[in-house]
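Trainee: Starting off with a structure, shown below.
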Amino acid sequence: MLAAQAIDRCRNTQGVAVKPATTELPVVVIGAGPAGLAAAANLVDRGITPLVLEAGTAAGATVRDWSHVRLFSTWGEVVDPAAEKLLAPTGWTRPDPATYPSGGDWAERYLQPLADVLGDRVRLGATVTGVSRAGRDRIVDADRETQPFVVHVAYADGAEERIFARAVIDASGTWTTPSPAGGSGLPALGEKAAADRITYRVPDLKDPAVRAR
Ligand SMILES: Cc1cc2nc3c(=O)[nH]c(=O)nc-3n(C[C@H](O)[C@H](O)[C@H](O)COP(=O)(O)OP(=O)(O)OC[C@H]3O[C@@H](n4cnc5c(N)ncnc54)[C@H](O)[C@@H]3O)c2cc1C
């Protein structure tokens, strides 16, 4: 069953959300990075419907932020076997397994084709803002484990949605929540005050504007 059909079943004819049988629901995957897309491919391989929700405008959104950096892993290490199986019928072939892709290569030559083959099982511009259990909150918690997950989504156009899921895989990565420069997981002395002069990313020093800064 397509994820969209499973989600439609979460609403009755008046458009009111109802609770469907959990096994009919998709597994929601948060993030269309290498881990999220590989998870989706493995779910498809097992006959389970995934629904990948990606905050960015393209597959591998955060990998594209460091597209100028070459990986320390080879192509042979960064292509998931279930993903390769899914891509094979499209005529896709893995680049030379002994060579090293850049972040841009990884996104363009593997992650984007994989998202394309997953089709409407990947939604872009969809930021997950929370995950809870249907009908359960801080006060009502009985039978939590038997209730479907409710995934709260904010879309790029301002719309919001609640999606029921049988399970949720968090593959949102760490790029947007970098560690502080200080040791012990805490900011170094003066780090917050100097925040406007610190980048936690991998600046592209070939870019004149970045270099000037
Ligand atoms: C410069 C650099 C070089 C690296 N080189 C290697 C290497 O050679 N080999 C290696 O194995 N690893 C390498 N890594 C680590 C690399 O980042 C990870 O292997 C890989 O990107 C992790 O994939 P991921 O899917 O877990 O996370 P990410 O690639 O960070 O993907 C997470 C995705 O989730 C999306 N997302 C985040 N929050 C939300 C939300 N709330 N709702 C919806 N979507 C959301 C993001 O937009 C993103 O697309 C490198 C990292 C860096 C920075």
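Conditions tested, residue by residue: (1) in contact with a Ser or Thr (Cβ under 7 Å, 6 or more places away or on another chain); (2) within 21 Å of THR49 (Cα to Cα).
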site: GLY76; (1), (2): no, no
site: ALA82; (1), (2): no, yes
site: ALA98; (1), (2): yes, no
site: PRO101; (1), (2): no, no
site: ALA107; (1), (2): yes, no
site: LEU111; (1), (2): no, yes
site: ASP116; (1), (2): no, yes
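Trainee: Just to be sure before I move on: is ASP204 touching a residue at least 60 places away in the same chain (Cβ under 8 Å), within 22 Å of PRO34 (Cα to Cα) and loosely packed, with under 12 Cβ neighbours inside 10 Å in the structure I sent? Steps first, answer last, please.
Mentor: Values: touching a residue at least 60 places away in the same chain (Cβ under 8 Å): yes; within 22 Å of PRO34 (Cα to Cα): yes; loosely packed, with under 12 Cβ neighbours inside 10 Å: no.
Considered against the rule, which asks whether it is touching a residue at least 60 places away in the same chain (Cβ under 8 Å), within 22 Å of PRO34 (Cα to Cα) and loosely packed, with under 12 Cβ neighbours inside 10 Å, ASP204 comes out as no.
Trainee: So if I check each of GLY36, GLY31, which one is surrounded by 19 or more Cβ atoms within 10 Å (Cβ to Cβ), more than 24 Å from ASP207 (Cβ to Cβ) and in contact with a Gly (Cβ under 7 Å, 6 or more places away or on another chain)? Please lay out each step first, then the result.
Mentor: Working: GLY36 fails: in contact with a Gly (Cβ under 7 Å, 6 or more places away or on another chain).
Unique residue meeting the criteria: GLY31.
Trainee: Sort out which residues of region 128-175 are surrounded by 10 or more Cβ atoms within 10 Å (Cβ to Cβ), in a loop (DSSP other than H, G, I, E, B) and polar (S, T, N, Q), and write them in order of number.
Mentor: Within region 128-175, GLN147, SER172 qualify.
Trainee: Applying the selection to region 177-193, what residues are within 27 Å of GLU54 (Cα to Cα) and surrounded by 10 or more Cβ atoms within 10 Å (Cβ to Cβ)? It would help to see each step written out before you state the result.
Mentor: First, pick out the residues of region 177-193 that are within 27 Å of GLU54 (Cα to Cα): 177-180.
Listed by number, the residues that qualify are PRO178, SER179, PRO180.
Trainee: Yes or no: GLY119 out of contact with any helix residue (DSSP H, G or I) (no Cβ under 9 Å at 6 or more places or on another chain) and of a type outside the set (A, V, I, L, M)? Full working, then the answer.
Mentor: On the way: out of contact with any helix residue (DSSP H, G or I) (no Cβ under 9 Å at 6 or more places or on another chain): yes; of a type outside the set (A, V, I, L, M): yes.
Considered against the rule, which asks whether it is out of contact with any helix residue (DSSP H, G or I) (no Cβ under 9 Å at 6 or more places or on another chain) and of a type outside the set (A, V, I, L, M), GLY119 comes out as yes.
Trainee: Are any of the residues in region 105-114 more than 12 Å from the ligand (Cβ to nearest atom) and acidic (Asp, Glu)?
Mentor: Among the residues of region 105-114, at least one is more than 12 Å from the ligand (Cβ to nearest atom) and acidic (Asp, Glu), which makes the answer yes.
Trainee: Going through region 116-130 one residue at a time, which ones are at negative phi and more than 10 Å from the ligand (Cβ to nearest atom)?
Mentor: ASP116, VAL117, LEU118, ASP120, ARG121, VAL122
Trainee: Residues that are within 8 Å of the ligand (Cβ to nearest atom), in contact (Cβ under 8 Å) with a residue 12 or more places away in the chain and within 15 Å of ALA115 (Cβ to Cβ): find the helices (runs of 4 or more DSSP H) completely inside region 19-94 holding 1 or more of those.
Mentor: Working: elements: 34-45, 61-65, 81-87.
Counting at least 1 such residues, we get 34-45, 61-65.
Trainee: So if I check each of ASP96, ASP196, which one is loosely packed, with under 12 Cβ neighbours inside 10 Å and in contact with a helix residue (DSSP H, G or I) (Cβ under 7 Å, 6 or more places away or on another chain)?
Mentor: Working: ASP196 fails: in contact with a helix residue (DSSP H, G or I) (Cβ under 7 Å, 6 or more places away or on another chain).
Checking each option against the conditions leaves just ASP96.
Trainee: Output the residue which, of all residues in region 160-176 that are under 13 Å from ALA35 (Cα atoms) and more than 6 Å from the ligand (Cβ to nearest atom), is modelled with the lowest pLDDT.
Mentor: Looking at residues that are under 13 Å from ALA35 (Cα atoms) and more than 6 Å from the ligand (Cβ to nearest atom), I get THR174.
The values are calculated or read from the model by the stated rules, or taken from the named source; none is laboratory data. Quantities reported herein were computed from a predicted structural model and do not represent experimental measurements. Neighbour counts run over all protein chains shown; Cβ positions are idealised from the backbone, glycine included.
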